[in-house]
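Written below as structure tokens is the structure these notes are about.
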Amino acid sequence: MQDTLTYKILRDHLISGSLIPGEEITIKINQTLTQDSTGTMVYLQLEAMDVDRIQTELSVAYIDHNTLQTGFENADDHAFIKSVAMRHGILFSKPGNGICHQLHLENFGIPGKTLLGSDSHTPTGGGLGMIAIGAGGLDVALAMAQGTYSFTVPQVIGIKLIGKLNPWVSAKDVILYILQQLTVKGGVGKIVEYFGDGVNSLSVTDRATITNMGAELGATTSVFPSDDNTRAFLASQGREQDYRPLSADADAIYDQVFEVDLSTLTPMAAMPHSPDNVASVADIGSIAIDQVAIGSCTNSSYTDLMKVANILKDKKVHKNVSLVISPGSSKILSKMAKNGALAHMINAGARVIECACGPCIGMGQSPKSEGVSLRTFNRNFKGRSGTMDADVYLVSPETAAVSAIYGVLTDGRQKGLSLEPIKDETFPSNDHYIVYPEGTNKENTSVVMGPNIKPFPLNTPLDKQVNGSVVLVAGDNITTDDIMPSNAHLLPYRSNIPYLSNYCFATIDSEFPDRCREAGAGIIIGGNNYGQGSSREHAALVPLYLGIRFVVAKSFARIHRSNLINSGIIPLIFENPEDYKEFKLNQKLVIENAQVQIENPIVLVKNQVTGKEYKTLTNFSELEIDIIRAGGKINMIKGENA
């Protein structure tokens, strides 16, 4: 058959369409996950669909982002999410249980299944041989309501791994190297599939680190085969019955093949302020550091943290360094408490914090002014740490731990330290943090909604003519953190779009919200890879609330483009990227005969003063055209059900 593993799994779940790159397909979704930063909006949308019970095999609502409760807002959101989960048959993971992706890997991920999550790092599940895709919240709500997901068939990049990693080189260095080679837009419109003899040397948690940061490539998802290592991981979690061997055909044909010799890699670091700004630790040199943060969904596994504990054993964190560690799950924390690893961390001078996302999303532990922070996380966008002038470097757990000891960025190979092998462990089942919706349903369970939870905005059907003023001319690689900042101050208001609107693009242009309100109808001009980063649909909903009608950019990140369409905001791509230079604030633009034009591959955007027309590309599927015409996916669904 010459099939890739990607196409094998997609074919098993195909409902409609053809597996041809660029074609739109609909697949069956087996599982979904949400987290509380995006989850409140997801469940508001699920309630708006007025369904009784979910149509997936399993859906889980995790609480892992907004666990810092300095006011009622986060706790109210958690109560709301739990109430909706109970009404619809969704499992609820209480705060303290851990990070959604690590927990799903441990407890629920199954090789060959499909997973859709309202978090861009949902592809972590690809480490288990799943097709696990991050999407906007509305797509996840619809997947729960209908059990399906529609998207454009990506190309498949085959990354052939050969050789074996040397000591002090880890899975994090593998994905950092790939990011260095392919960049943050190298995976857009593609699925990354790993194969080759080098795969056998990587554990499931190694693989999950790599697939997790495939999101930083812009890839739809990443996937590894399911093999004996997969069986061993599932057995360690008491789930060997979920094992299923899966791999590509020996003669599988990929759209592109990229080879990585694991034995040639060295410790790497992503320098400020992008995950693809990568160099070797040796080349960067011994820069002084102020903070080290170890954890996140990328590097908080048991193996990762045991490596850290062994490095810190009988050592001392440097006097100028604050070391903070956040385990990925309650299982991992419990195991480390029993085997003494936690004591090694504490005795070395580390701060051990809650099993949650924490510093990765700017929820606490911000560095000092102009501080240098080494983090085992997946993103180092400017200001994401909570400190605008901090320099954040992304590194492996090994590099982070040894650097914390010496007070400078350190290549562990140069210190003559040995790394102890990590023993295989088994993890007893512990579902004390999981609330099951047993005996509850829509009829006997009411929605709990606090005062901070506001209705989400809805667009209106597409007008014949769409016009507005240019309210922002943005550069390349604008992130969803730029569009809708994520920090400890704003995260509690993820269910309050009117409040969040005051901070839209705050780190880029503080006058943006006022300019939008004055314009009434706004247009954004963007550069390459507009909307990269997280899956947060707030980066579309807040601009919708502020009156944004369409966005013209050189290119779009996949999830954000979908979120714009779901909100009824038209994403257009410059046919001639040089046209970007002609746009300035307050220019009046119009799309005439918009309802017809969006059917065409070219949409003309006219300057209402000069009369000059600019050609823009659409690439809309028939479904996307219907969504835009309706003024968003919710409106389309309501129209279908009327």
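All of the numbers you see were taken from the coordinates with simple rules; none came from a lab. All values derive from a computational prediction rather than experimental measurement. Every residue, glycine as well, gets a Cβ built from its backbone with ideal geometry; the counts of neighbours run over all protein chains shown.
Only Cα sites of the range 466-641 enter the Debye sum here, all with the same form factor; the resulting log10 I(q)/I(0) across q = 0.08, 0.13, 0.18 1/Å is -0.22, -0.59, -1.18, listed in q order. The trypsin sites (Lys or Arg not before Pro) of the range 574-621 meeting both criteria, a DSSP state outside H, G, I, E and B (loop) and at most 13 other C-beta atoms within 10 angstrom of the site's C-beta, are K584, K612.
In plain terms, the residue of L217, L58 with the fewest other Cβ atoms within 10 Å comes first and the most crowded comes last, giving L58, L217.
Here's the list of lysines a cross-link from K464 could span, going by alpha-carbon distance under 20 Å and ignoring same-chain residues fewer than 8 apart: K588, K606, K612, K615, K633. For the set K185/K415; K185/K581; K164/K313; K454/K584; K382/K442; K94/K190, the pairs lying more than 32 angstrom apart at their alpha carbons are K185/K415; K454/K584; K382/K442; K94/K190.
Only Lys, Arg, Asp and Glu carry charge here, each on its Cβ (+1 for the first two, -1 for the last two); on that basis the range 268-410 has a dipole of about 500 debye about its Cα centre. As a proxy for reagent exposure, ranking F456, F377, F258 by other Cβ atoms within 10 Å from fewest up yields F258, F456, F377.
Name the residue from V84, L176, Y503 whose Cα lies farthest towards the positive end of the charge dipole of the chain, charges +1 on Cβ of Lys and Arg and -1 on Cβ of Asp and Glu. Checking the options against the dipole of the chain, the answer is Y503. So, how do all the Cα-to-Cα distances of the chain break down into 10 Å bins, in percent, from 0 on up? Pairs per bin, as whole percents: 3, 17, 28, 28, 17, 6, 1, 0. Among DSSP beta bridges lying fully in the range 5-264, give the percent that are antiparallel, nearest 5. The antiparallel proportion sits near 25 percent.
Along the range 143-154 the Karplus relation, 6.51 cos²θ - 1.76 cosθ + 1.60 evaluated at θ = phi - 60°, assigns HN-Hα couplings of 5, 5, 6, 10, x, 9, 8, 10, 7, 8, 4, x Hz to successive residues, with x for each Gly and Pro. Computed from backbone phi, the HN-Hα couplings of the range 278-294 come to 10, 8, 6, 4, 4, 6, 5, x, 7, 6, 5, 10, 10, 9, 10, 10, 10 Hz, rounded to whole numbers (Karplus: 6.51 cos²θ - 1.76 cosθ + 1.60, θ = phi - 60°; Gly and Pro given as x). Counting beta carbons within 10 Å around each of Y545, Y406, Y177 and listing the fewest first gives the order Y406, Y177, Y545. In the range 268-410 the Cα-Cα distances spread across 5 Å bins starting at 0 as 2, 12, 23, 25, 21, 12, 5, 1 percent of all pairs. For the peptides 327-336, 462-471, residues were scored by their other Cβ atoms within 10 Å and the scores averaged per peptide; the highest-first order is 327-336, 462-471. Applying Stokes-Einstein at 37 °C and 0.692 mPa s to the Kirkwood radius of the range 5-264, computed over alpha-carbon pairs, gives a translational diffusion coefficient of 176 µm² s⁻¹.
Give the Rg/Rh ratio for the range 206-324, taking Rg as the radius of gyration of the Cα atoms and Rh as the Kirkwood radius, to two decimals.
Result for the range 206-324 is an Rg/Rh of 1.01.
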